[in-house]
Amino acid sequence: MAANCAETVRQGFDAERVRADFPILARAINGRPLVYLDSAASGQRPLAVLRAVEHYETHCHANVHRGVHALSQAATDAFEGARERTRRFLNARSPREIVFVRGATEGINLVAQSFGRSRLGKGDEILISALEHHANIVPWQMLCEQTGCTLKVAPINRRGEIELDRLLGLLSARTRLVAVAHVSNALGTVVPIERIIQAAHACGALVLIDGAQAVAHAPVDVQALGCDFYAFSGHKLYGPTGIGVLYGREELLAEMPPWQGGGEMIRTVSFERTTYNELPWKFEAGTPNISGAVGLGAAMDYVERLGLDAIAAHEQSLLAAATTALERVPGIEIIGTAAHKAAVLSFTLRGCHPHDLGTILDSQGVAIRTGHHCAMPVMTFFDIPATARASFACYNTAADVAALVAAVRTAGEVFGQ
Amino acid sequence: MNLQDLYRDVILDHNRQPRNFGPLQPADAHAEGHNPLCGDRLTVWLRLDGDRIADIRFEGQGCAISTASASLMTEAVKGKDKAAVQALYERIHALLTDPHAQADAATLGKLAALGGVSEFPARVKCATLCWHTLNAALEHSADAVSTE
């Protein structure tokens, strides 16, 4: 079984070589080699990212857009270079459409508080799905409380797929914004966002895509998708924490009011009247996470060098192998069996709570996520308190899958399956 | 990190067959405990004789540590008064959080089986949820008395 997986996986993608790029993967956990299967929570960083950040910190750091001195210019070039890199990564039309934020969460909150608060009111509707991460639920609930608009939720089916007909049925002239995940963090479901974007636009609604779980697993082209906003986090793309991106169509961003006030986002300030900076700086109050942006740019270089399609194919073979092998373990139930999934395998083991499973796997060096994955409504739908979630990345191998399955079997034995 | 030390036979047994499991009716007090981080939920019911726990039952869902800890707790506190429960909790807390604490089998009895938890800091909250819930039920009963 494991040998067969290994053969399939090695074709066309050398995960062992990729592993060598990630220093942390060489360390031991509880006396065992680390098997890191929690990349959906946070990916590890390749040396290329660590070195880019180090080079920036040791050679280029000063504040951006401020001084006339050489270092300030170097920092500005590095930061704005990362913005242009991000534009290319998403195939956005202009770097003015790339706003650096702390992460996908902040990007979604920005849209809620800037676009939503200035434009929505009583009678308007925001449509999300039952698959969403809390980051794509709570900002809209807060907005509804603030403006009186209404939140509508499209249901999911037992496979963990959005019921597309029901979602389309909820679209109406009242729908002002549709906000859905590109890939579900809890279940791995790939959402047919092209279809949703098309239908929403036909109703005159804007579309925000939460791409936090998608960007590391497939190329994203915002022009081809036609979405209005696309948010993601750097650390799930092998970049640093505390940096993320909100893409927004320029004509929308231009009309939206700033959401945080301070330095950087202004053009002139007097006590009588303040004027705001141009895009995208209008949305970047305060000194930004410069080294984070530099690291994120390096992470984009890294994944594009490996090839996002090649990474996706590699992860798909790991997902298929892990699914087949886990299904053979007595008491295992796979949660989330969508026809299209990406890199995430959520499951439960009868008689063994996910937290006990997580502890037992950790004792074998296998790091997975256990809990509700910030998607409590998904857990409620499946009537379970939590799941165990293994997630795959470019650096995982067939040996990682074998270690996962062996550790799950150990847990089954401890708990008397 | 010693897995066998965490999942001792006593723990696995009380997880599989929790004692005093299910509602207690009528009850003089009850409280619900919830750990939103991991989703563990449990309810503790008490029948009181003055400030002595005449009977106690619990129900809920959680991991093995949470369930076994609650089951062991119900066995240990039945018949004890509030002061004795408080003293016992302080010893349990030390056992759960201090890897060097000596499990005093003579006074802790089967509860000493929770000693392995101290090596797993992320799991301490699982073991203490039932004690916090018991405490809330006891306080609630005091409130009820004081409002009369």
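The values are calculated or read from the model by the stated rules, or taken from the named source; none is laboratory data. Model, not experiment: these values are computed from the prediction. So basically every Cβ, Gly included, is an ideal-geometry build from the backbone, and we count neighbours across all protein chains shown. These accessible areas exclude ligands, DNA and RNA; they are computed on the full protein's heavy atoms, side chains included. Shrake-Rupley method; radii C 1.70, N 1.55, O 1.52, S 1.80 Å.
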_For segment A:22-39, Karplus couplings with θ = phi - 60° (6.51, -1.76, 1.60), whole Hz, Gly/Pro x_ = 10, x, 5, 5, 7, 7, 9, 10, 6, x, 10, x, 5, 10, 8, 10, 10, 6
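In units of 2.2 N^0.38 Å, what is the alpha-carbon radius of gyration of segment A:61-104?
1.26
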*Filter the trypsin sites (Lys or Arg not before Pro) in segment A:220-309 to those in DSSP coil with at most 14 other Cβ atoms within 10 Å of their Cβ, and list the result.*
A:Arg273
_Compute for the protein assembly as shown: radius of gyration divided by Kirkwood radius, i.e. Rg/Rh, restricted to C-alpha atoms, rounded to two decimals._
1.02
*Collect residues whose amide H, placed 1.01 Å from N in the peptide plane, falls under 5 Å from the amide H of A:Val178; neighbours closer than 5 in sequence don't count.*
A:Leu127, A:Leu206, A:Val207, A:Leu208
*How much accessible area does A:Phe382 have with a 1.4 Å probe, in Å² rounded to the nearest 10?*
20 Å²
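What shape does segment B:3-147 have by the C-alpha gyration tensor, where a ≥ b ≥ c are the square roots of the eigenvalues, rounded means a/c under 1.5, and otherwise prolate means a/b greater than b/c and oblate the rest?
Prolate is the answer for segment B:3-147, as a/c is 1.5 or above and a/b outweighs b/c.
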*asked:* In segment B:1-45, what residues drop by 50 Å² or more of accessible area when the other protein chains are put back, versus the chain on its own? Use 1.4 Å, and skip ligands and nucleic acids.
replied: B:Met1, B:Leu3, B:Tyr7, B:Cys38
*What FRET efficiency would be calculated for the residue pair A:Gln73, B:Arg52, taking the C-beta separation as r and a Förster radius of 56 Å, to the nearest 0.05?*
0.15
*Assign unit charges at the C-beta atoms only (+1 for Lys and Arg, -1 for Asp and Glu), then state the dipole size of the protein assembly as shown relative to its Cα centre in Debye, rounded to the nearest 20.*
500 debye
*Quick one: what are the phi-derived ³J(HN,Hα) couplings along segment A:283-289, Karplus 6.51/-1.76/1.60 with θ = phi - 60°, whole Hz, x for glycine and proline?*
9, 10, 5, x, 5, x, 7
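For chain B, what is the accessible area per residue in Å² when the probe is 1.4 Å?
Result: 47 Å² of accessible area for each residue.
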*Non-local amide H neighbours of A:Ala130 (under 5 Å, H modeled in plane, Pro and chain starts lacking H): which ones?*
A:Ala154, A:Ile156
*Setting aside same-chain residues fewer than 8 positions from B:Lys78, which lysines have a Cα under 18 Å from its Cα?*
B:Lys110
*asked:* Give the aspartates and glutamates whose C-alpha is closer than 12 Å to that of B:Lys80, dropping any in the same chain fewer than 8 places away, or say none.
replied: B:Asp49, B:Asp51, B:Asp55
*Quick one: among A:Gly261, A:Gly244, A:Gly160, which has the greatest mean-square fluctuation in a GNM of chain A with alpha-carbon springs under 10 angstrom?*
A:Gly261
_Residue mean of other protein chain beta carbons inside 10 Å, A:409-415_ = 2
*Extending each Cα 7 Å along its Cβ direction at B:Ala84 and B:Thr107, get the distance between those two points in nm, one decimal.*
1.4 nm
_Let's see if you can work this out: charge +1 on each Lys and Arg Cβ, -1 on each Asp and Glu Cβ, no other charges. What is the dipole magnitude of segment B:3-147 about its Cα centre, in debye to the nearest 20?_
220 debye
*Show that you can apply the helix-only estimate: for chain A, add -39,500 (n - 2.57) for every DSSP H stretch of four or more residues, divide by all residues, and state [θ] at 222 nm to the nearest 500.*
-11500 deg cm²/dmol
_Residue by residue through segment A:291-304, what is 3J(HN,Hα) from phi via Karplus (6.51 cos²θ - 1.76 cosθ + 1.60, θ = phi - 60°)? Round to whole Hz and write x for glycine and proline._
5, x, 5, 4, x, 5, x, 5, 5, 5, 4, 4, 5, 6
*Return one number: the angle in degrees, 0 to 90 and rounded to the nearest 10, between the long axis of the Cα atoms of helix A:193-202 and the longest principal axis of the Cα atoms of chain A.*
40 degrees
*Taking H as built 1.01 Å from N, whose amide H comes closer than 5 Å to the amide H of B:Ile56, not counting residues under 5 places away?*
B:Arg47
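Relative contact order for segment A:212-328: what percent, with Cα pairs under 8 Å and sequence separation of 6 or more? Before the final figure, lay out each step's value.
Details: 126 pairs, mean separation 29.8, N = 117.
It comes to 25 percent, rounded to a whole number.
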*asked:* With unit charges on the beta carbons (Lys and Arg positive, Asp and Glu negative) and the dipole taken about the Cα centre of chain B, which residue among B:Cys63, B:His140, B:Ala101 sits farthest to the positive side?
replied: B:Cys63
*May I ask what percent, to the nearest 5, of DSSP beta bridges between residues of segment A:158-281 are antiparallel?*
55 percent
*segment A:49-305, dipole about Cα centre (Lys/Arg Cβ +1, Asp/Glu Cβ -1), debye to the nearest 20*: 260 debye
